[in-house]
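Chemist: First, the structure itself, so that you have it in front of you.
The values are calculated or read from the model by the stated rules, or taken from the named source; none is laboratory data. Quantities reported herein were computed from a predicted structural model and do not represent experimental measurements. Please note that ligands, DNA and RNA were not included when accessible areas were found on the heavy atoms of the full protein model with its side chains. Shrake-Rupley method; radii C 1.70, N 1.55, O 1.52, S 1.80 Å.
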Amino acid sequence: MTSEEEVKPAAKGSAEETDTDGADEPTQASTSTSNPLEDRKARFAALRARNTDSRKANLAETKSEHSRLTTDTSALTTLNRKRDVAAQKILKADTEAAGEDFERKRAWDWTIEESERWDKRMEKKAKHRDDVAFQDFGNEARKNYKRQLRELKPDRDTYEQEKADMIERAAQGGGLEIVETSDGELIAVDRDGKFYSTAESTDFVSNKPSKEAIDRLVGDIKKAEEVRLKNRRNRKGGDEDEDVTYINDKNKQFNQKLARFYNHYTKEIRESFERGTAI
């Protein structure tokens, strides 16, 4: 009896352990099934946060692009220039109030070479500004010549090639002798004095310019003609093709004033007169 009683509680305890194990298995299964759902929720939240950040960044970039496109660059440059001028005036006032020399203090920020280049540039700019008005035809020709020199872009490679070919032809003809000095330098010696140009030389008449040089010359001539016609129209104060309805400048101004006030009302009548259909 004793042994049987001892066996029964043991069996009962094993049954309880079996029930307990059976109860733990659904909990682990539910935990394992809930993990993928939590992961999906976390990934979805991360994607939503990323989408929100992207939308904010795109909105900020759009606003900056719109402000950049709507900003007037010339007005911005003018404001920056005014700000610099105001800062310079304030610095000058403070320096003079302290009893110091403003020009001397400002020169500390520049080297001597930079200061000399700046002074030369300002002098040239002032001279050019004073030289704009018409003085005489000689001065006008000088300005045009300087402008053409500034716009001239020489082809150094072609020049060096033509120079080498000319020296070679002269050396083959016997008119030019190439002498090598002791230090290895090559010197061209003109035997009969015909290779190097002088005041009496006329070899330049045999030169044949290239098509590009001719086109460049034609373009310069056309440009000068356009400038001349533009200045002529400006001196006359209007288009050359407009109808002449005046006898002098005073009468022209009076007619322009009338047209400014009454052309809106007389447009149809004038068109009828031009067509010949006016009654």
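Chemist: Would you check if there is a residue in region 61-77 being open to solvent by 100 Å² or more (accessible area, probe 1.4 Å), modelled with pLDDT of 85 or more and of a type in the set (A, V, I, L, M, F, W, C)?
Modeler: No.
Chemist: Search region 37-58 for residues being open to solvent by 100 Å² or more (accessible area, probe 1.4 Å) and hydrophobic (A, V, I, L, M, F, W, C), and hand back the single one that is nearest to the chain's Cα centre (by Cα).
Modeler: Looking at residues that are open to solvent by 100 Å² or more (accessible area, probe 1.4 Å) and hydrophobic (A, V, I, L, M, F, W, C), I get Leu47.
Chemist: Given the criteria among the acidic types (Asp, Glu) and modelled with pLDDT of 90 or more, does Asp101 qualify?
Modeler: It is false that Asp101 is among the acidic types (Asp, Glu) and modelled with pLDDT of 90 or more.
Chemist: Mind listing just one residue for me: the one in region 94-109 that is of a type in the set (A, V, I, L, M) and part of a helix (DSSP H, G or I) and, of those, most open to solvent (accessible area, probe 1.4 Å)? Quick ask: steps written out before the conclusion?
Modeler: Taking region 94-109 and keeping what is of a type in the set (A, V, I, L, M), we get 97-98, 107.
In the following step, the residues that additionally are part of a helix (DSSP H, G or I) were identified as 97, 107.
Working: Ala97: 90, Ala107: 55 Å².
Looking at residues that are of a type in the set (A, V, I, L, M) and part of a helix (DSSP H, G or I), I get Ala97.
Chemist: Show me the helices (runs of 4 or more DSSP H) found entirely inside region 110-221 where at least 1 residues are modelled with pLDDT under 75 and open to solvent by less than 90 Å² (accessible area, probe 1.4 Å).
Modeler: On the way: elements: 112-130, 137-151, 156-173.
Those helices (runs of 4 or more DSSP H) span 156-173.
Chemist: Select from region 240-275 the residues that are assigned to a loop (DSSP other than H, G, I, E, B) and open to solvent by 100 Å² or more (accessible area, probe 1.4 Å) and write down the one among them that is modelled with the highest pLDDT.
Modeler: Here is the first cut: in region 240-275, the residues assigned to a loop (DSSP other than H, G, I, E, B) are 240-248.
After this cut, where a residue has to be open to solvent by 100 Å² or more (accessible area, probe 1.4 Å) as well, the list is 241, 243-244, 247.
On the way: Asp241: 57, Asp243: 71, Val244: 75, Ile247: 87.
Applying the filter and picking the extreme gives Ile247.
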